[in-house]
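All remarks here apply to the structure that follows.
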Amino acid sequence: MAAEQLRDDIQQAKNKAGVTWGSNREFRKLESHLWEGEKVEQILTGQYAGGLGILVLSDRRMFFLKDGVLKQVSEDFPFSKISSIQWNSGLALGSVTVFVSGNKAEITSVAKQLGKAFVDAARDRIAPSALRAPESQSAANFVAQEVEDVYANLAKIGQLRDAGVLTPEEFETKKAELLARI
């Protein structure tokens, strides 16, 4: 019987994964578990939920697939629900721990040389929505706050000038300093 042809993205991820002993059935069934237009980026083999399977990183989500004769397991980890992902390394193997909505999933017996790269790629997928937006918002808030402070200080020195505390020259000097900050 001829070997079944895998989709290009699945075959490339399988080639990167190296030794995939015991998970060929999952590779053959993987395409049926993908959403329309979903592309596979990386795959790891590991133990989860009592069986050997594959941890898949796609352009849309991460999920674990175990497709055995007696037991099938498929668990999704949507990027929007992942709070963090962790890599733990041992002598030869490691584990990937995914923290999702107050739960954690630990995939063990992961090849050491591939696990860290997988976790780094997953973090890159998770980080854009979780981290980049607050940074840009806080920078915008800082600039807006600084401009408001300048206007508040201009009003204060205007009141001090009107009350006779500042001379017109002192007022103009201080006003120029404040306006230079904007």
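The values are calculated or read from the model by the stated rules, or taken from the named source; none is laboratory data. Small disclaimer: the values here were computed from a predicted structure and weren't measured. A quick note on method: Cβ atoms are made from the backbone with ideal geometry, for glycine too, and the neighbour counts reach across all protein chains shown.
Within the stretch 9-29, can you find the residues that are among the small types (Gly, Ala, Ser) and in a helix (DSSP H, G or I)? Reasoning before the result, please.
To start, the set of residues in the stretch 9-29 that are among the small types (Gly, Ala, Ser) comprises 13, 17-18, 22-23.
Selection gives ALA13, ALA17.
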If I go through the stretch 84-116 residue by residue, how many of them are in a strand (DSSP E or B) and at negative phi?
22
Scan the stretch 142-153 and tell me whether some residue there is at pLDDT below 80, among the aliphatic types (A, V, I, L, M), surrounded by 13 or more Cβ atoms within 10 Å (Cβ to Cβ) and not assigned by TED's automatic domain parsing to the domain that holds ARG61.
yes
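Evaluate the following for GLY68: is it touching a Gly at 6+ places or on another chain (Cβ under 9 Å), at pLDDT 90 or above and among the small types (Gly, Ala, Ser)? Step through it out loud before you land on a result.
Values: touching a Gly at 6+ places or on another chain (Cβ under 9 Å): yes; at pLDDT 90 or above: no; among the small types (Gly, Ala, Ser): yes.
For GLY68, the condition - touching a Gly at 6+ places or on another chain (Cβ under 9 Å), at pLDDT 90 or above and among the small types (Gly, Ala, Ser) - is not met.
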Among (1) assigned to a helix (DSSP H, G or I); (2) modelled with pLDDT under 90; (3) over 19 Å from ARG125 (Cβ atoms), which single condition is SER32 missing?
(2)
Would you mind telling me which numbered condition in (1) without any contact (Cβ under 8 Å) to a residue 24 or more places away in the chain; (2) part of a strand (DSSP E or B) LEU70 fails?
(2)
State yes or no: is ARG132 buried (at least 18 other Cβ atoms within 10 Å of the Cβ) and either on the phi > 0 side of the Ramachandran plot or modelled with pLDDT under 90 (or both)?
no
One residue from SER58, SER101, SER89 being touching a residue at least 12 places away in the same chain (Cβ under 8 Å) and in contact with an Asp or Glu (Cβ under 6 Å, 6 or more places away or on another chain):
SER58
Among the candidates ALA17, ALA92, residue that is touching a strand residue (DSSP E or B) at 6+ places or on another chain (Cβ under 6 Å) and of a type outside the set (S, T, N, Q):
ALA17
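Looking at GLU41, GLU75, which one is assigned by TED's automatic domain parsing to the domain that holds ALA111, free of Cβ contacts under 8 Å to residues at least 60 places away in the same chain, crowded, with 16+ Cβ neighbours inside 10 Å and part of a strand (DSSP E or B)? Quick ask: steps written out before the conclusion?
Numbers: GLU41 fails: free of Cβ contacts under 8 Å to residues at least 60 places away in the same chain.
Going through GLU41, GLU75 in turn, the sole match is GLU75.
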Of all residues in the stretch 9-22, how many are closer than 13 Å to VAL110 by Cα and either modelled with pLDDT of 80 or more or not assigned by TED's automatic domain parsing to the domain that holds LEU65 (or both)?
1
